[in-house]
Amino acid sequence: MRLRVSVFLSLTCTALQLAVAQTPARPDSAPPKATPQFTVQDGGVRETLESIVIPPKAGAPFTITLQTEWIKTLYDGGTITTVNQRRIARDGKGRVYQERWFLVPKNGKIDSQMTTIQLTDPTAHTLYNCFMLEKPHQCVLTYYSPTTTSVYRQAAVKTGELSNDRGSAIHEELGKQVISGLETTGTRDSVIYNQWIFGNDRKTTAMWEYWYSPELGINLLSIVSDPRFGKQVFTVSDVMLGEPDVKLFDLPEGFEVVDHRPPTPPKVNTDPRPRAVIEESGSSSNN
């Protein structure tokens, strides 16, 4: 009897061992996968530099080069200066061609690159943002509401006290001067903000100086100075009057059009500056 029991127990244990050996491992017994790790950092600033305004004016075609200089003062008294230059054209129908280039350190070793071509048509109400550095190459189509029948005036202040005890303003007429062969009229607006209006611990002055060409309907020289953002100087050069190369208004070859227009036109936007669909990140990256 004892022999039979021993044999039975031995066979039973062997069967259990085989069953355990043949049972697949449970998923939770597999070695854990490595957890992805990324580098992050608190703080920082994202900045977008607004350039000059090119309204869709009909009957005033041109091709120009716009030079931009952005000077920011550091806490230790030094400065950081970034620059670029880009081509802008407008035809007699009011269509506008603009290139956007990276701002790069002045006198540095970094070459600028063209990031975007923007094409606006005030008659068809279209805005194409063609992103040159992205793949696949795409031109994103959105709605553009400004028209050639609208008048776009430069913002100005009136000399006197600001409302709600925010400070005071001074408007100056600077007369006339010739820039790039065109007559311009100059204005300067200064706003002196009182203490603690936007967290400032002392009075702060912001200044806007514009030299406007009535013939082209744009500023040929703009100087914007604000302690919060630095000093921005926009200078128009290489002015060529007359119709630009018609090929400028063709979409870049090999680019796919992606239509992001809403089903119904949005509310009228009175700002004629075209906006990029994709936000440019990083400090002073694009203009």
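The values are calculated or read from the model by the stated rules, or taken from the named source; none is laboratory data. What you are looking at is a predicted structure, and each value in this text was computed from that prediction instead of being measured. No Cβ is skipped: glycine too gets one built from the backbone with ideal geometry, and neighbour counts run over all protein chains shown.
Of everything in region 189-211, what is farther than 14 Å from Gly167 by Cβ and buried (at least 17 other Cβ atoms within 10 Å of the Cβ)? Give them in sequence order.
Answer for region 189-211, where residues must be farther than 14 Å from Gly167 by Cβ and buried (at least 17 other Cβ atoms within 10 Å of the Cβ): Trp208, Glu209, Tyr210, Trp211.
Residues of region 230-249 being surrounded by fewer than 10 Cβ atoms within 10 Å (Cβ to Cβ) and more than 30 Å from Pro136 (Cα to Cα), which ones?
Scanning region 230-249 gives a single hit, Gly242.
In the list Pro252, Pro227, Pro214, which residue meets the criterion of being in contact (Cβ under 8 Å) with a residue 12 or more places away in the chain, touching a Cys at 6+ places or on another chain (Cβ under 6 Å) and either surrounded by 15 or more Cβ atoms within 10 Å (Cβ to Cβ) or not aliphatic (A, V, I, L, M) (or both)?
Going through Pro252, Pro227, Pro214 in turn, the sole match is Pro252.
Quick one: which residue in Leu174, Leu119 is at pLDDT 95 or above, closer than 21 Å to Leu49 by Cβ and among the hydrophobic types (A, V, I, L, M, F, W, C)?
Result: Leu119 is the single residue among Leu174, Leu119 that is at pLDDT 95 or above, closer than 21 Å to Leu49 by Cβ and among the hydrophobic types (A, V, I, L, M, F, W, C).
Among the residues of region 177-191, is any among the aliphatic types (A, V, I, L, M), out of contact with any Asp or Glu (no Cβ under 8 Å at 6 or more places or on another chain) and more than 22 Å from Arg90 (Cβ to Cβ)?
yes
If you go through region 251-271, how many residues are among the hydrophobic types (A, V, I, L, M, F, W, C) and either assigned to a strand (DSSP E or B) or touching a helix residue (DSSP H, G or I) at 6+ places or on another chain (Cβ under 8 Å) (or both)?
So the count comes out to 2.
Sort through Phe102, Phe62 and tell me the only one that's of a type in the set (Phe, Trp, Tyr), within 30 Å of Glu215 (Cα to Cα) and surrounded by fewer than 21 Cβ atoms within 10 Å (Cβ to Cβ).
Just one listed residue meets the conditions, Phe102.
At least 1 residues that are touching a Leu at 6+ places or on another chain (Cβ under 6 Å) and free of Cβ contacts under 8 Å to residues at least 40 places away in the same chain in each: list the strands (runs of 3 or more DSSP E) lying fully within region 28-107 that qualify.
79-90
If you take just the strands (runs of 3 or more DSSP E) that sit entirely in region 129-193, which of them hold at least 2 residues that are in contact (Cβ under 8 Å) with a residue 60 or more places away in the chain and within 24 Å of Pro272 (Cβ to Cβ)?
Those strands (runs of 3 or more DSSP E) span 138-143.
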